[in-house]
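Below you'll find the structure, written out as structure tokens, and then a few comments.
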Amino acid sequence: MDSLIRTFSSAQTNREGYQLAQTLSPDLPQQQLQAIWNSCVHHDAQNVIKRGIQNSTSGFERLPKDEVQGWSDVYLAYWKAIGELLPALNQAPQSSWTKVYDAWKELLSALYRGYIGQGFEAWSIPCLYVVAKNLRIFALKADEERNNNVAAGDTSGQIFQDDFDPESEQHQKLEDCARQLNRIFTLCLNDRAPLEESRKWGIYYIINLLFKTYFKLNSASLSKNILKTLSAYRGDMPPLSAFPKSQQVTFKYYEGVLCFLEENYFQAEEHLTQAWSLCHKDAMKNKELILTYLVPCHLLTTHTLPSQRLLEPYPRLQKLFLPLSKCIKRGELHAFDLALLNGEDEFVKRRIYLTLERGRDIALRNLLRKVFLAGGFEEPKVEGGPRVRRTRIPVAEFVAAISLGSKKALEQDEVECVMANMIYKNLMKGYIARERGFVVLSKSGAFPGTGV
């Protein structure tokens, strides 16, 4: 405990938030955690910790009485949490990650009370980062442990009731964690101190933790409430560019994914592109996550496909996107359907299945374009005049091409419906002359965006 108090004193003297946060980390070497736990006995822990904090600062730097009490409560909660953490790390009998979570939650509550009424200053905000991040980690471990116990037949933790919902019970602690993080979000957002001394500097870190938690709970829609609240307060907030790049990248990624799930692909592309450009060149996992959504966005907004070179560092993305890309480029409808079917589980898991399914329209456009190009040129009206591509094409040619491409015989009426849909979506320009059985295509830009 003495070394922890010395670090606390140094951090307070130099106003070093990240140094102070390290005194509340559960990631210290286990030997050091054990030493902290052994430094006090339960009946006297509060007095030992309070005396240590009172004596750690002197003179001008002496902490006010309320703040001393606040930090004493925080470190007492930390000491108790270590008492639950050590048995869990050693897998001792009667140990439980649920107990660790509950003890760590009390630590977060002690910090919250310190900022609300005991004078904790904004420079110490990194303490909230460390404690909130680990609360989420312990919630995940507690839920996993509980689910494993239920699967093994231990139902002692369940409450029998008529409306028992086993699915909601799977993430019991994580849902509680989301509520605690929301309290911290409100704590930071409602701070009225001047910006240079404001808790608002901690808001994007907490928002990003909330996003991760909501996505894990499959409740991404709750993230929209966070964005709406943030938007209402934006005039009183520092600009996003003033925050660390790591926080900017994470925020822009989730903002882009939320737009993606709402099928607002142009905004999604904008946010994800910003995240991509800000992302560190060596953060390969993060870049892979960004590309998972950016590639489908590009497919729908600009009809462009990822290159082999772009996906080369990401084998998983190559496996996901390259088979589809090849089929789209060649206009192979049947092969596209098979590739989509083969990757269905992964596409659904990553929430991109419905978006990629729309890529079939691009494959179909490329197939129809091949028919147009195969039609060749019309005879020039004047000898030596410019050659003009044939723009009046029998519907029967498109029927044959689509039937071959999809390996399924289609009626002419079905093909006409398909082509009318393509014209409506502006993937081809022209009209269908049903009486004569022809498709009349535009002489300039029959297939927009393809140069034909």
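A few notes on this one:
- Bridgeable aspartates and glutamates around K200 (alpha carbons under 14 Å apart, same-chain partners fewer than 8 residues away excluded): E121, D191, D236.
- Apolar share of the accessible surface for the range 314-452: 53 percent from carbon plus sulfur atoms, 1.4 Å probe.
- The Rg/Rh ratio of the range 302-452, with both radii computed over alpha carbons and Rh defined as the Kirkwood radius, is 1.04.
- Per residue solvent-accessible surface (Å²) - the chain, probe of 1.4 Å: 52
- Here the simple spin-label model places points 7 Å from the Cα toward Cβ, and for H42 and E346 these points are separated by 5.2 nm.
- Cα gyration tensor shape for the range 265-325, rounded if a/c is under 1.5, else prolate or oblate: oblate
- Debye intensity ratio in log₁₀ form over the Cα atoms of the range 195-239, taken at each q of 0.14, 0.21, 0.31 Å⁻¹: -0.36, -0.72, -1.12
- Partner lysines for K65 [C-alpha distance under 22 Å; skip if fewer than 8 residues away on the same chain]: K50
- Take the convex hull of the alpha carbons in the range 233-392; its mean projected area over all directions comes to 13.9 nm².
- Split the accessible area of the range 201-292 by element, probe 1.4 Å, and carbon with sulfur accounts for 51%.
- In this simple spin-label approximation, K425 and L338 carry label points 7 Å from Cα along the Cα→Cβ vector, and these lie 2.2 nm apart.
- Annotation: extensible slack from N190 through Q54 equals 45.9 nm (criterion: 0.36 nm per residue apart, minus Cα-Cα distance).
- Amide H contacts of S96 (H built 1.01 Å from N, in plane; Pro and chain starts excluded): A88 sit under 5 Å, all sequence-distant by 5 or more or on other chains.
- When both the range 1-28 and the range 313-332 are represented by their alpha-carbon centers, they are found 50 Å apart.
- Residue-wise HN-Hα couplings along the range 261-278, as the Karplus relation 6.51 cos²θ - 1.76 cosθ + 1.60 with θ = phi - 60° gives them from phi, are 5, 8, 6, 9, 6, 5, 5, 4, 4, 5, 5, 5, 5, 5, 4, 4, 6, 8 Hz; Gly and Pro carry x.
- Inverse of mean 1/r across different Cα pairs in the chain, Kirkwood, Å: 26.6
- Computed FRET value (nearest 0.05) for E411 with T273, which takes r as the C-beta separation and R₀ as 45 Å: 0.55
- Total lysine pairs in the range 228-316 at Cα distances under 20 Å, for residues eight or more apart or on different chains: 7.
- When only Cα pairs below 8 angstrom with a gap of at least 6 residues are kept, the chain shows a relative contact order of 8 percent.
- For K329, the lysines whose Cα comes closer than 24 Å to its Cα, not counting residues fewer than 8 places off in the same chain, are K319, K370, K407, K408, K425, K429, K443.
- Heavy-atom accessible surface of the range 16-81: percent carbon and sulfur, 1.4 Å: 48
- Percent of C-alpha pairs per 10 Å bin, the range 1-157, short to long: 11, 40, 32, 13, 4, 1, 0
- Ordered by 1.4 Å accessible area with all protein chains kept, K285, K326 run largest first as K285, K326.
The values are calculated or read from the model by the stated rules, or taken from the named source; none is laboratory data. Just so we're clear, the structure is a prediction, and the values are computed from it rather than from any experiment. Counting neighbours? That spans all protein chains shown, and the Cβs are built from the backbone with ideal geometry, glycine included. Surface accessibility is based on the protein's heavy atoms, side chains included, excluding ligands, DNA and RNA. Shrake-Rupley method; radii C 1.70, N 1.55, O 1.52, S 1.80 Å.
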